[in-house]
Amino acid sequence: MAFTAKDVQALREKTNVGMMDCKKALTEADGDMDKAIEILREKGLASAAKKASRVAAEGVVVAYTDANASALVEVNCETDFVGKNPEFVALAKQIAKTVVEKNPADLDALNATTISDGSVSVADAVQELFLKIRENMKVRRFVRIEGTAVSYIHAGGSVGVLVEFDTDADTDSAEFIEMGKNIAMQVAAMSPEYLSKDDISAAELENMKKITVESALNKPDSLPKPILMDVISKTIEAGKWDQKDIDAYEAEKNNKFLFNFLSKEAIAALAETAVAGKEGYAANPIFGKLTDGRISKQIKEICLLEQAFVRSDIFEGSVGGYVAKVAKDTGKNIAIKGFTRFAKGEGIEKKADDFASEVAGMIK
């Protein structure tokens, strides 16, 4: 079956594939348009398989919300250039809409689902864009929330946040929208690990305490003075300090910058003594207050409701306090149920490009 230049152009318009590839596909398909499309897809799949091992740590995080649900989706590609490509971003948003409308159970189900406002599956839609862009890309993860949620996308999709609320407030009101955005921005900026301290398990708290104790003992200059004095005394008695450090200590022991006058070896010996006496020091009430204070500080850093609210210009206090104030001012019940934060490419080991070595290898 013969084909014309118009057929080549029509195939290109349908597939977004280059002219030469379209011409080759039509030649192989003997002018059959549908078969040519299938050939292009098969070749694209083969090419994509070859590129699948390439690291795809760039891309975009997008959000979509309708009257019933919200979704946050991360779609990855290889380069920042493609991550900003309008077609790539549009596809990511179309996939987020699909998550909201079709409610897939997992990534496999999502890839097999017909994409919203389209006639092909999500996997095929990604494949079709690959045929044009020729870069490894994939849907990495998604979350879907039914009910009231507020999204925030930072820096063109480098970070995305979805915060879920339990409320009887008017979610279209200016007060609620501003509050929701402020909380979502807080999550984006401060990256909390938990909603509240109640979400930290007993095992996790115990591990946190263990690490805090060991960290304090390994940094003797941070120890409470009574314990530090005991550690110094035991270190000297054990003959772990030379005379120079002993003299420096005797001369500067009342100086708050004492550790500036001690050698690295002397400080290391103190840490060794402190760690060796861990059981006894950990049981000391004074040391207990130190560790409890540090754990409390950590909780305020990793738990959203306990974090200091970053918009101190409108409220000074914790995030939980800010939400309570908005609820009181509006006369409505407002509670944060949970949140999701996706940072583009987090956890993906990126290839370290050594351009100088690459060029040197080319000219050998």
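Within region 254-292, report the trypsin sites (Lys or Arg not before Pro) that DSSP leaves as loop and that have at most 15 other Cβ atoms within 10 Å.
LYS256
Note the full-extension length gain between LYS181 and SER119 as 0.36 nm times their separation in residues minus their Cα-Cα distance, in nm to one decimal.
18.9 nm
Within 10 Å, count the other beta carbons around each residue, average over each peptide in 165-172, 236-243, and list them highest first.
Put in order of decreasing packing, that is 165-172, 236-243.
Could you name the lysines whose alpha carbon sits less than 30 Å from that of LYS325, not counting residues in the same chain fewer than 8 places away?
LYS181, LYS197, LYS297, LYS300, LYS337
So for region 56-146, averaging the separation of alpha carbon pairs under 8 Å that are six or more residues apart and normalising by length, what relative contact order in percent results?
36 percent
How high is the relative contact order of the chain, in percent, counting Cα pairs under 8 Å that sit 6 or more residues apart?
In percent, rounded to a whole number, it is 18.
Cut-off 10 angstrom, C-alpha nodes, Gaussian network model of the chain. Which of GLY180, GLY321, GLY277 fluctuates the most?
GLY277
Which of the lysines could a cross-linker span from LYS240 if the Cα-Cα distance has to be under 26 Å and same-chain partners fewer than 8 positions apart are dropped?
Partners within reach: LYS219, LYS225, LYS253, LYS256, LYS264, LYS278.
Which FRET efficiency value, to the nearest 0.05, do you get for ALA203 and GLU38 by plugging their Cβ-Cβ distance into 1/(1 + (r/R0)^6) with R0 = 45 Å?
0.25
Give the distance, in whole Å, between the Cα centre of region 174-191 and the Cα centre of region 75-97.
25 Å
Relative to the compact globular guide of 2.2 N^0.38 Å, what is the alpha carbon radius of gyration of the chain, as a ratio?
1.44
Taking Cα atoms of region 202-302, Rg/Rh with Kirkwood Rh, to two decimals?
Rg/Rh: 1.02.
Rule-based calculations on the coordinates, nothing more; no lab input. Predicted, not measured: the structure shown is a model, and the values here were computed from it. Cβ atoms come from the backbone with ideal geometry, glycine included; neighbour counts cover every protein chain shown.
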